[in-house]
1. Can you tell me which residues in the range 138-192 are polar (S, T, N, Q) and touching a helix residue (DSSP H, G or I) at 6+ places or on another chain (Cβ under 6 Å)?
2. Kindly establish whether PRO112 is at pLDDT 95 or above and either within 16 Å of ligand 2 (Cβ to nearest atom) or of a type in the set (A, V, I, L, M, F, W, C) (or both).
3. In the range 107-121, which residues are in contact (Cβ under 8 Å) with a residue 60 or more places away in the chain, surrounded by fewer than 16 Cβ atoms within 10 Å (Cβ to Cβ) and either farther than 18 Å from ALA74 by Cβ or touching a Phe, Trp or Tyr at 6+ places or on another chain (Cβ under 8 Å) (or both)?
4. Quick one: in the range 144-155, of everything that is modelled with pLDDT of 95 or more and near ligand 2 (Cβ under 9 Å from one of its atoms), which residue is nearest to ILE308 (Cα to Cα)?
5. Which pairs have Cβ atoms under 6 Å, sit 6 or more apart or on different chains, and link a residue in the range 248-264 that is touching a residue at least 12 places away in the same chain (Cβ under 8 Å) to one that is crowded, with 21+ Cβ neighbours inside 10 Å and aromatic (Phe, Trp, Tyr)?
6. Which one of these does ALA93 not meet: (1) within 12 Å of ILE70 (Cα to Cα); (2) more than 16 Å from ligand 1 (Cβ to nearest atom)?
7. Looking at this structure, is ASN265 surrounded by 17 or more Cβ atoms within 10 Å (Cβ to Cβ) and in contact with a strand residue (DSSP E or B) (Cβ under 8 Å, 6 or more places away or on another chain)?
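The values are calculated or read from the model by the stated rules, or taken from the named source; none is laboratory data. On a predicted model such as this, the values are computed, not experimentally measured, just so you know. Cβ atoms come from the backbone with ideal geometry, glycine included; neighbour counts cover every protein chain shown.
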Amino acid sequence: MRYLRAMTRRTTILPATPAAIASAAELIRAGRLVAFPTETVYGLGADATDDRSVAAIFAAKRRPTFNPLIVHVADLAMAEPLAAFDDRARAVAARFWPGALTLVLPRRADSPVSLLATAGLDTLAVRVPAHPVAHALLVAARTPIAAPSANPSGRISPTEASHVEDMPGLALVLDGGPCRIGIESTIIDLSAPRAAILRPGGVAREDLESVLGPLASAGNAERPTAPGQLESHYAPALPVRRNATGARPGEALLGFGPGPAADLNLSPGGDLAEAAANLFAMLRALDRPDFAAIAVTPIPDHGLGAAINDRLRRAAAPRPVSAAAEGAAE
Ligand code: AMP
Ligand code: MG
C-alpha cells in the first residue's frame, strides 16, 4: 500500500526556490499545511497561532491531541514573546540556536500560540531551525510555525521530500534535499529548576552539559507527566530487533561500523553523525515485504548514538493494536 501511495501522489513537491518559499508562506498564512525541510527532519507546518491550522496538523498525522507540537521561529527575538526565557535558556539559545535543540519553557500568559499546539500545558516547546529554507519560510510567513515531523503519527520520520506521504490537508511539499542531521531535535526541559533532557536528538547530551552542568534524563520517575514520549514510535511496518550479532533467516541486517556483512550499513567507518543522517532513510529502504524483520547491530550510546538508540528502542517497542493493524495493512 505504501508503495502504491507513493506512486499515486497528489501533493505537489516543489524545489525550494524563493518563489516556492513565498507561495508556501502564503499557504501558511491562509491556514494550510506545508511540509518543509529542516536540518533534522521534514516538518509538517502550520500557523502556530491559529487553532484551526494547528487542528489540521493533528488530523493529517492522526496524532493524539495530548501530544504537544514544537513551535518553530526564525530567531530568538521571535521566540521571546511566546515563552519565558531565563538565563539558562538564553545561554543555551546563544550556544545552540539556530540548531537541533528544542527548549521547553514556561508559556507566557500572553503567548499568541494556539492552546491546542501546546496541548493545554503551561509550557511551550520552541526551536530555531538551522536550515536556510526553514529560516526563509519563517521570515516570509511572519508567524511562528508549529511543525511535527511530516509523517503519520508513529511512523518513520521523513528525511527527504520524497518520503513525505500525501496527508489530508497537505497543500505543498518544499524540497530542500536530504536533511543534514536526519534525526529529530534534542528536547530539553528548562521549565523546572532542574534541567532535564526529554528526548535525545541532534545535539548531544555531552555538549549541553558543557553549558548547563549535569542533566536529568527523560522517561524516569522524575518526569512521569512529560507527554509525547510514546513507547512505540518511528516504527517501520516490519518488526525491529536491536543489538543483533547477525541476521536470522529472512531478516534484513542494518549494520554499523565494521562487522558482519549487512544489507545496509549506517556508517561503515563507525561515524555516529553519519549514522544518524542515514537512520530513517535506511529503515525505510529495508522496510520491504520480502524481509521478515529488520535486525540492527549495536550502536554505541554516546554522542548522537544516544538519539539513534532512543529511536531504535521505540521502533522495536511493542506496537499499539491499532498501529500494528495499520502497519499490517500498508
Ligand atoms: P515531534 O514534533 O513529533 O518531533 O514531537 C515533539 C515532541 O516534543 C513530542 O515528544 C512532545 O511531547 C514534545 N513536546 C512538545 N511540547 C512539549 C512541552 N510543552 N512539554 C514537554 N514536551 C513537549
Ligand atoms: Mg515525529
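1. Passing the criteria: SER153, SER157, THR159.
2. For PRO112, the condition - at pLDDT 95 or above and either within 16 Å of ligand 2 (Cβ to nearest atom) or of a type in the set (A, V, I, L, M, F, W, C) (or both) - is not met.
3. Listed by number, the list holds a single entry, LEU115.
4. The selected residue is SER149.
5. Matching pairs, first to second residue: none at all.
6. Against the list (1) within 12 Å of ILE70 (Cα to Cα); (2) more than 16 Å from ligand 1 (Cβ to nearest atom), ALA93 comes up short only on (1).
7. Here the answer is yes, as ASN265 does meet what is asked.
Residues are listed down the side, and each one gets a yes or a no for (1) more than 16 Å from ligand 2 (Cβ to nearest atom); (2) of a type outside the set (Gly, Ala, Ser); (3) within 25 Å of ILE183 (Cβ to Cβ):
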| site | (1), (2), (3) |
| --- | --- |
| PHE58 | no, yes, yes |
| ILE70 | no, yes, yes |
| LEU76 | yes, yes, yes |
| TRP97 | yes, yes, yes |
| ARG108 | yes, yes, no |
| ALA117 | no, no, yes |
| PRO129 | no, yes, yes |
